[in-house]
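This report refers to the structure that appears directly beneath it.
Each value in this text was obtained by applying a stated rule to the coordinates, not by laboratory testing. No experiment lies behind these values; they were computed from the predicted model shown. Cβ placement follows ideal geometry from the backbone for every residue including glycine, while neighbour counts extend to all protein chains displayed.
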Amino acid sequence: MDIFLLGTGGGPRPTAARFPTSQAVVTGERCIVIDAGNGAAQQMARAGLPVHGLTDLLITHLHVDHAADLGMLPLAAWVDGRTEPITVAGPPPTTESLHRLVSGYEQDLIHRMASTGRPDVREMLRPHDISTPGVIFEDDDVRVSAALVNHPPFEFALAYRVDSADGSVVVSGDTTPCEGLDELAVGADVLIHEVVHPAALEELSRGTNAPSIRQHMLDSHTMLEDVGGIAQHAGVHTLVLSHMIPHTGISADEWLDPVRASFTGQSVIGHDLDRLRVHHGTVTHTRSSEDLHVSI
Ligand SMILES: [Zn+2]
């Protein structure tokens with residue numbers, strides 16, 4: 001199982017350092033992309049992944065930094081040559097949002113089908129909404145499960161777990177510490193977890209048009225001091241910090257010291273285009289040489 005960190009930045013405010021949230025899990029014949037912040041298709045290409053290989057797109061929740069390319073990524077896979085179905089799953093109203101996004105480009109789709117002879121991408125999409133925890137799909141090679149997590153004011157926000165013969169990975173999505181994620185993450189080889197550094201809380205509300213953002217972060221996200229304990233409690237092998245807030249300006253030790261105080265496994269700061277290989281109980285982290293050269 002190979003995991004590619006396509007985007008490791010938290011929040012929709014753009015920076016030069018990190019793309020918004022997205023990760024790809026490649027196992028057997030499947031390429032499962034979990035969340036699709038804007039630029040996810042380009043990041044797949046930069047990671048060396050064939051975009052037409054997209055088999056499944058799983059959305060944790062419909063904040064735009066996780067779902068801006070909900071429509072664009074399947075269209076990119078189609079233009080890149082895909083003809084087979086693409087599963088698209090997420091909390092309600094993912095199906096409706098996908099339909100609206102794709103409908104917005106109807107002229108393009110009709111013209112492109114007419115001028116290129118491509119099949120109708122709308123018939124390739126297999127959307128469904130998930131509002132209950134449990135196994136989403138399972139075959140001989142892979143099992144994908146979802147948990148309900150706590151990300152108010154959303155009624156439904158999800159975390160996902162992918163299990164294969166090689167091992168397992170859990171993606172937290174956005175959440176406060178919660179029972180749903182604790183249970184989903186038990187024994188995972190890799191836990192990719194969102195994180196907010198406390199230094200960001202004051203900075204976030206300074207000079208912005210969002211005076212209540214500090215309280216929103218406290219009510220709906222996980223603070224750095226809690227992440228290590230979550231990983232330790234679940235007994236995960238490797239914890240990857242991602243969806244990082246802030247994107248830059250915090251040293252590696254400032255990120256990792258609070259984690260290592262409560263977590264005895266391997267802890268990693270995620271960067272765009274990093275790769276993790278999970279193989280029979282071992283996890284190898286390869287730092288990308290193609291990233292945007294963040295200084296941490
Ligand atoms: Zn969110």
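Annotations for the structure displayed:
- Note, ³J(HN,Hα) from phi for the stretch 243-252, Karplus 6.51, -1.76, 1.60, rounded to Hz, x at Gly and Pro: 6, 7, 10, x, 6, 9, x, 10, 6, 4
- Between S103 and D140, full extension at 0.36 nm per residue minus the direct alpha carbon distance yields a gain of 9.8 nm.
- Multiplying the residue separation of Q232 and E202 by 0.36 nm and subtracting their alpha-carbon distance yields 8.0 nm.
- Karplus-based coupling profile of the stretch 191-199, in residue order and whole Hz: 10, 9, 10, 5, 7, 10, 7, x, 5, with θ = phi - 60° in 6.51 cos²θ - 1.76 cosθ + 1.60 and x standing for Gly or Pro.
- The longest part of the chain holding none of the exposed loop trypsin sites (Lys or Arg not before Pro), meaning those outside H, G, I, E and B in DSSP with at most 15 other Cβ atoms within 10 Å, is 1-205.
- The stretch 219-296: GluC sites (Glu not before Pro) in DSSP loop, at most 16 other beta carbons within 10 Å: E290
- Loop-located GluC sites (Glu not before Pro) in the stretch 116-214 (DSSP state not H, G, I, E or B) with no more than 15 neighbouring Cβ atoms inside 10 Å: E155.
- Counting every other Cβ atom within 10 Å of each residue's Cβ, S131, S168 order from fewest to most as S131, S168.
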